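J.: Here it is, the structure, as structure tokens.
The values are calculated or read from the model by the stated rules, or taken from the named source; none is laboratory data. Just so it is clear, the structure is predicted and the values come from calculations on it, not from any experiment. Note: ideal-geometry Cβ built from the backbone for every residue, glycine included; neighbour counts use all protein chains shown.
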Amino acid sequence: MAGSGERRCQQPLDDCLHAAVQVALEAGQIIRDALTIEKRVQTKSSAADLVTETDELVENLIISTLTKKFPSHRFIGEESVAAGEKCILTDDPTWIIDPIDGTCNFVHGAPVVAVSIGLSVNKELELGVIYSCVERKLYTGRKGHGAFCNGQKLQASKQTDISKALILTELGSIREPVAVKMLFNNMERLLKVQAHGIRIIGSAALDLCHVATGDVEAFYQFGLHCWDMAAAAVIVREAGGIMMDTAGGPLDLMSRRVVAAGTPEMAGQIARELQPVAYERDDGIEGAEDSLPQ
Ligand code: LIP
């Protein structure tokens, strides 16, 4: 019997997942072909917040392909929002898209890049597809149906002790000295509690896939966007992991902050060490911290 998400979606979610996988693979080929060629690079919110013609090309491909199949569905895309579109989540079926997660890596030809496509229905994340284009690793997750990488079922780490944790994070593109200092202070605090190590790879979506596979115990970040974590949230949860707010409550997709881990104990220990770094919400809604629990 179709769940409320499926009813509102008017199409079987399996069809949505299949369509997202097909277009992610197609986009992956375009990104691989463009990885080592000359690129037209522009900046957005800061000198380190980059966009190329391939980001726009891939986003347009994904939106036009999914619109043909699902004409009533809505879209939140990184480059559409950068071009002025609203970033408001409604109950309508909404695809949340990051055409190239790891654009800075892409600009430099570094192969840590991914396509990220999530689907929210009734403000609930129902499915996620992340394609690590160069590794040719396809991560998928569907609420209540598990998470997979190239067909292999995923299980997040069951480690509960932070002193045995390998942790991923990102510094993002903010360069204000105060914020940068706070980002490094947070890393110092986690090293003080004897975490095995902290790594930065330049793609939040792939960081979260490493949490889902159990390669690492946790990921946290201040400053990422809803399109960096929407698809990954389904994949991490369906792998038995947890995604929550850095203040300890439920994940707020628009809040620009997240802690993800294999176990609630690990997520809790990390959250307790973190000093919050404030960013303007993706939906721009002032004081709406607790409005969008996911
Ligand atoms: C990137 C994120 C990363 C964040 C960067 C940027 P993009 O996404 O994956 O976590 O630190 O600032 O947002 O811009 O490459 O899609």
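J.: So in segment 159-183, with the set limited to residues that are charged (D, E, K, R) and in contact with a helix residue (DSSP H, G or I) (Cβ under 9 Å, 6 or more places away or on another chain), which one is nearest to His225 (Cα to Cα)?
T.: Within segment 159-183, the first condition is being charged (D, E, K, R), and the residues that meet it are 161, 164, 170, 175-176, 181.
Still in the list and also in contact with a helix residue (DSSP H, G or I) (Cβ under 9 Å, 6 or more places away or on another chain): 161, 170.
Working: Asp161: 28, Glu170: 12 Å.
Ranking the qualifying residues of segment 159-183, first place goes to Glu170.
J.: What strands (runs of 3 or more DSSP E) lie completely within segment 188-294 and have 3 or more residues being away from the ligand (no atom under 16 Å from the Cβ)? Steps first, please.
T.: Details: elements: 197-199, 218-222, 242-244, 257-261.
Qualifying strands (runs of 3 or more DSSP E): none found.
J.: Now for a different question. Suppose the filter is surrounded by 19 or more Cβ atoms within 10 Å (Cβ to Cβ), more than 20 Å from Val259 (Cα to Cα) and aromatic (Phe, Trp, Tyr); does Tyr131 pass it?
T.: It is true that Tyr131 is surrounded by 19 or more Cβ atoms within 10 Å (Cβ to Cβ), more than 20 Å from Val259 (Cα to Cα) and aromatic (Phe, Trp, Tyr).
J.: Can I ask one more? Among strands (runs of 3 or more DSSP E) lying entirely in segment 81-168, which contain 2 or more residues that are small (Gly, Ala, Ser), at pLDDT 95 or above and within 22 Å of Asp15 (Cα to Cα)?
T.: In segment 81-168, 114-121, 124-132 are the strands (runs of 3 or more DSSP E) which contain 2 or more residues that are small (Gly, Ala, Ser), at pLDDT 95 or above and within 22 Å of Asp15 (Cα to Cα).
J.: How many of the residues making up segment 27-79 are assigned to a helix (DSSP H, G or I) and closer than 30 Å to Glu176 by Cα?
T.: Adding up the residues that qualify gives 7.
J.: Scan segment 184-205 and report the pairs whose first residue is farther than 17 Å from Val258 by Cα and in contact (Cβ under 8 Å) with a residue 40 or more places away in the chain and whose second residue is among the β-branched types (Val, Ile, Thr) and away from the ligand (no atom under 14 Å from the Cβ), with Cβ atoms within less than 7 Å and a gap of 6+ or a chain change.
T.: Sorted first by the residue in segment 184-205, then by its partner, the pairs are Val193/Ile162.
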